[in-house]
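Visitor: Here it is, the structure, as structure tokens.
Quick note: the coordinates plus some simple rules give every number you see, no bench work behind them. Everything numeric here is computed off the predicted structure, so don't read it as measured data. Here the Cβ positions follow ideal geometry from the backbone for every residue, glycine too, while neighbour counts run over all protein chains shown.
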Amino acid sequence: MKTNSPLTQLAAEAAGCERCPLYKDATQTVFGEGLAPASIMMVGEQPGDQEDRAGRPFVGPAGQILDRALGDAGLDRETIYITNAVKHFKHEMHGKRRLHKRPNQDEIKKCRWWLDKEIVIVRPKLIVALGATAAQALTGRKLTLTRERGKALSLWDGQQGMLTVHPSSILRMPDETARQEAFAGLVADLARASEIAG
Ligand code: URA
């Protein structure tokens, strides 16, 4: 992000966001990062524990899967814009561990304020929703992942979108074979995204 770019200014505004209560228990706002304009914008759910501490999206275990899948699909993370539907880490304490808690509709809606502004600045040809929460944030609907994934989705005003799995769903798979298949599916969707975005 260039200093004084519209994105830097937007990120600075978002750093003080109190639009929903999630800021209270989070370390910081985790804003999007990457190129603007960019032909592909990726939207995840919300920062995880490591992202919350680092202040950067997708730098923890899910980020490592995403980076590997991007590489296998022939995409370079440096050429895309990556953000989340919700910019604060929502979690529950289990002993000393902070466990991810899914954001609710109201939190997703409130945070759409920032996502809309990011989209205007990034002007992506294609927005890739990583998982159901991102898809809900972008469409206002609950989409069925198995039915809609990998296909071009018409979002609004001609904005093109695509839905694929969230990288952390691959981490949660019970065995190595299932993980490998799910990873190959993610790579195939990202390669298709690269084709669509040209
Ligand atoms: N999961 C997400 O959805 N986003 C991140 O930034 C990290 C994990």
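Visitor: Using 0.36 nm times the number of residues separating K96 and M173, minus their current alpha carbon distance, what extension gain do you get?
Guide: Net length gain for the segment: 25.2 nm.
Visitor: Next up: Arrange K109, K142, K90 by Cβ neighbour counts within 10 Å, fewest through most, would you?
Guide: Exposure proxy ranking, most exposed first: K142, K109, K90.
Visitor: At 7 Å along Cα-to-Cβ for each site, give me the label-to-label distance between E181 and K142 in nm.
Guide: If labels sit at E181 and K142, their model points lie 2.5 nm apart.
Visitor: Also: Would you compute, for the Cα atoms of segment 60-198, the largest minus smallest coordinate along each principal axis and list the three values in descending order, in whole Å?
Guide: 46, 38, 30
Visitor: First select every other residue whose beta carbon is under 13 angstrom from the beta carbon of T27; then total the charges, Lys and Arg +1, Asp and Glu -1.
Guide: +2
Visitor: Provide the net charge surrounding E148, with neighbours chosen by a C-beta distance below 12 Å and charges set as Lys +1, Arg +1, Asp -1, Glu -1.
Guide: Every neighbour counted, the sum reads +4.
Visitor: Please compute the net charge surrounding H91, taking Lys and Arg as +1 and Asp and Glu as -1 over other residues with Cβ under 11 Å from its Cβ.
Guide: Charge balance in the 11 Å sphere: +1.
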